[in-house]
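A.B. asks: Before anything else, here's the structure in question.
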Amino acid sequence: MASVFSGAPPQGGPGYSFTQTPRAAPSGERQHGFYPYTDNGGSTLGISGADFTILAGDTRSTSGYNINTRYAPKLFKIGGEGPDNKGAQIVLSVVGFAADGDALKERLDTIVKMYKYQHGKNMTVSACAQRLSHILYNKRFFPYYVHAILGGLDEEGKGALYSYDPVGSYEREQCRAAGAAASLIMPFLDNQVNFKNQYMPGSGTGHNLQARQAQPLPQNDVEELVRDAFTSAVERHIEVGDGLQMMIITRDGIAETFTPLKKD
Amino acid sequence: MNHLPQAWGRPRDDVYGAYDHSHFQTSGPIQHTQSPIVTGTSVVAAKFKDGVVIAADNLASYGSLARFTDVKRLRKFNDQVVVGFGGDVSDMQYLDRLLNSLDIRENYSSSETALNAKNLHTYLAKVMYKRRSDFNPLWNHLLIAGLDGEDKPFLASADLLGTTFTSPTLATGFGAHLAQPILRRTLPDDASVEDVDQETAVKLVKEAMKVLFYRDARSMDRYSIAVITKTGVELHEDEKLENQSWQFAEQIRGYGTQVN
């Protein structure tokens, strides 16, 4: 069938000059005409504290060098009441292929709402985290091409943060950056949240050096860290920018903030 | 004609021999669309304070051949939604039939409110995502323009991968490169939508269509344009590009006949 239409310029790339246009149909089976994934860029970040969790993500959506839109949220409330997720206690952030991200969000949201409907109590963050892992693993051989981060408060009221790979491996962590600028943000977080490569002043030299112990940070410090992380990422990554959306989960509920970022 | 209605309208077996059904054999792998054949180019759209403007030219190309010059690529769904189609024309016609059947079903149902642009966008996005997940994509990039549940302007996109996004201005295909920067000068963000009236928005979209005609080789100067407001859909399907000026052509340097 394809050979009939080979007069048109090939799909793969520019071929508009006459000398380049293939005269004969490419021989053999044509393979892989349709690739079902794309990368919509952007970055997300989550940090948990003693009694709160903060999730953040930029709002730019890209395809290649194009900006699709300057406001496409990557943070979603999960559970709660109705389409606006009133009273939700869990936040999911997804970055990667946006269509898969939306599909994943919708599935998890439905499951958490059905849990409340069937059991008459809210799903715990740990249960939701494990369920999310199962959803991702169930599509192991045609994965949701996303890096998910799930945030909330655990049964003791402490900040809980779980991060995932596209096929469902997951882990509870203090902090995690994902997406296009993950490699720029994560080392910064290692240093500023987990105090990696920081040592106690005056503790000696060489093997006597004492590592500075990580401890949960106050909420204000974390908010500033997040803003610094993103303003820096915007400078060095073209797929990150336009706006910064933050969701702060405390026992009082979810507070949402928006900070403009550079639009270049 | 004989007493076997199955054979009516078919070549007679006694004259031509039995029909060779091997053409219809279903063994072997199922084949899906791997590339678009007859295609439509850009669709452009912009919001304004009372509604949305959307436009697309009337050309369906077959590769570089301008094959069909009277193909309407804007589809009015009801009094508050218009869908614009870029990409494969046969898949557009399939979606058109799908929207027809959806509309009929909706009209027979007892629901009191008609489907708005937001509803239709959700529906079409799910259709597109389902088809890409079946590895049998509908090779289109759609813009859905109209009013949402609160009668506010609504504009969103859905493509063959199921990717969706909304923005004050949108353009598919070549328009994403050429028209979008022009549209964004007037409508940089959501707040600016309130400052733009219908006349400005229509002028803006027509200007974008003109730029696309100048530079997109698979475009045409006949186009459709629709304005969706609370008072309904105003759809013109045979507009002609006005006030073209090719003055700029002689300024172009670097290729063509001139040396430098």
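The values are calculated or read from the model by the stated rules, or taken from the named source; none is laboratory data. Predicted model only: the values in this text are computed from it and were never measured. As a convention, Cβ positions derive from the backbone with ideal geometry for all residues, glycine included, and neighbour counts pool all protein chains shown.
A.B. asks: Residue check: is A:Tyr162 surrounded by fewer than 23 Cβ atoms within 10 Å (Cβ to Cβ) and among the hydroxyl-bearing types (Ser, Thr, Tyr)? Reasoning before the result, please.
C.D. replies: On the way: surrounded by fewer than 23 Cβ atoms within 10 Å (Cβ to Cβ): no; among the hydroxyl-bearing types (Ser, Thr, Tyr): yes.
Against the criterion (surrounded by fewer than 23 Cβ atoms within 10 Å (Cβ to Cβ) and among the hydroxyl-bearing types (Ser, Thr, Tyr)), A:Tyr162 does not qualify.
A.B. asks: Still on this structure: Specify the residue that is nearest to the other protein chains (Cβ to nearest Cβ); the eligible residues are those in the range A:110-133 that are part of a helix (DSSP H, G or I) and in contact with a Gly (Cβ under 7 Å, 6 or more places away or on another chain). Full working, then the answer.
C.D. replies: Of the residues in the range A:110-133, the ones part of a helix (DSSP H, G or I) are A:110-119, A:125-133.
Right, trim to in contact with a Gly (Cβ under 7 Å, 6 or more places away or on another chain) and you get A:112-113, A:116, A:125, A:133.
Numbers: A:Val112: 20, A:Lys113: 17, A:Lys116: 23, A:Val125: 28, A:Ser133: 21 Å.
For the range A:110-133, the residue satisfying everything is A:Lys113.
A.B. asks: For the range A:171-221, how many residues meet the condition of being part of a loop (DSSP other than H, G, I, E, B), small (Gly, Ala, Ser) and modelled with pLDDT under 95? Steps first, please.
C.D. replies: Taking the range A:171-221 and keeping what is part of a loop (DSSP other than H, G, I, E, B), we get A:173-174, A:180-181, A:193-198, A:200-205, A:209-210, A:212-218.
Keeping just the survivors that are small (Gly, Ala, Ser) gives A:180-181, A:202-204, A:214.
Then keep just the ones that are modelled with pLDDT under 95; that gives A:202-204, A:214.
Total meeting the criteria: 4.
A.B. asks: Still on this structure, I have one more. Of the numbered conditions (1) modelled with pLDDT of 95 or more; (2) within 13 Å of chain A (Cβ to nearest Cβ), B:Ala46 satisfies every one except a single condition; which is it?
C.D. replies: Exception for B:Ala46: condition (2).
A.B. asks: Okay, next question. For the range B:32-43, which positions are within 12 Å of another protein chain (Cβ to nearest Cβ) and either hydroxyl-bearing (Ser, Thr, Tyr) or touching a strand residue (DSSP E or B) at 6+ places or on another chain (Cβ under 9 Å) (or both)?
C.D. replies: In the first step, residues of the range B:32-43 are kept if they are within 12 Å of another protein chain (Cβ to nearest Cβ); the result is B:32-39.
Selection gives B:Thr33, B:Ser35, B:Pro36, B:Ile37, B:Val38, B:Thr39.
A.B. asks: Spot the failing condition for B:Gln93; the list is (1) in a helix (DSSP H, G or I); (2) surrounded by fewer than 12 Cβ atoms within 10 Å (Cβ to Cβ), and only one is missed.
C.D. replies: Tallying (1) in a helix (DSSP H, G or I); (2) surrounded by fewer than 12 Cβ atoms within 10 Å (Cβ to Cβ), B:Gln93 fails exactly one: (2).
A.B. asks: Next question, about the same structure. Quick check, is A:Gly241 farther than 21 Å from A:Ser163 by Cα, touching an Asp or Glu at 6+ places or on another chain (Cβ under 8 Å) and in a loop (DSSP other than H, G, I, E, B)? Can you show your working first?
C.D. replies: Details: farther than 21 Å from A:Ser163 by Cα: yes; touching an Asp or Glu at 6+ places or on another chain (Cβ under 8 Å): yes; in a loop (DSSP other than H, G, I, E, B): yes.
Here the answer is yes, as A:Gly241 does meet what is asked.
A.B. asks: Given the residues A:Ala103, A:Ala127, A:Ala56, which is the only one that is surrounded by 18 or more Cβ atoms within 10 Å (Cβ to Cβ) and free of Cβ contacts under 8 Å to residues at least 60 places away in the same chain? Full working, then the answer.
C.D. replies: Values: A:Ala127 fails: surrounded by 18 or more Cβ atoms within 10 Å (Cβ to Cβ); A:Ala56 fails: free of Cβ contacts under 8 Å to residues at least 60 places away in the same chain.
The match here is A:Ala103.
A.B. asks: For residues that are surrounded by 13 or more Cβ atoms within 10 Å (Cβ to Cβ) and part of a strand (DSSP E or B), tally how many sit in the range B:214-246.
C.D. replies: Counting residues in the range B:214-246 that are surrounded by 13 or more Cβ atoms within 10 Å (Cβ to Cβ) and part of a strand (DSSP E or B) gives 14.
A.B. asks: Follow-up question, since we're still on this one. Assuming B:Leu138 fulfils every condition listed in (1) among the aliphatic types (A, V, I, L, M); (2) over 14 Å from the mean Cα position of the chain (by Cα); (3) within 14 Å of chain A (Cβ to nearest Cβ); (4) assigned to a loop (DSSP other than H, G, I, E, B) apart from one, which condition is it?
C.D. replies: It is condition (2) that B:Leu138 fails.
A.B. asks: Among all residue pairs at least 6 apart or on different chains, which show Cβ distances below 7 Å where the first residue, located in the range A:184-211, is surrounded by fewer than 10 Cβ atoms within 10 Å (Cβ to Cβ) and the second is not in a loop (DSSP other than H, G, I, E, B)?
C.D. replies: Taking only residues 6 or more apart or on different chains, not a single pair turns up.
A.B. asks: Still on this model: Kindly indicate which of B:Asn58, B:Asn2, B:Asn100, B:Asn78 is free of Cβ contacts under 8 Å to residues at least 24 places away in the same chain, under 18 Å from the mean Cα position of the chain (by Cα) and more than 14 Å from chain A (Cβ to nearest Cβ).
C.D. replies: Details: B:Asn58 fails: free of Cβ contacts under 8 Å to residues at least 24 places away in the same chain; B:Asn2 fails: under 18 Å from the mean Cα position of the chain (by Cα); B:Asn78 fails: free of Cβ contacts under 8 Å to residues at least 24 places away in the same chain.
None of the others qualify; the one that does is B:Asn100.
A.B. asks: Taking the range B:118-135 as the region of interest, how many residues are over 20 Å from A:Tyr37 (Cα atoms) and in contact (Cβ under 8 Å) with a residue 40 or more places away in the chain? It would help to see each step written out before you state the result.
C.D. replies: Initially, the range B:118-135 is screened for residues over 20 Å from A:Tyr37 (Cα atoms), giving B:118-121, B:123.
Narrowing further to those that are in contact (Cβ under 8 Å) with a residue 40 or more places away in the chain: B:120-121.
Residues meeting the conditions: 2.
A.B. asks: Also: Would you confirm whether any residue within the range B:106-113 is within 17 Å of the chain's Cα centre (by Cα), without any contact (Cβ under 8 Å) to a residue 60 or more places away in the chain and not in a loop (DSSP other than H, G, I, E, B)?
C.D. replies: no
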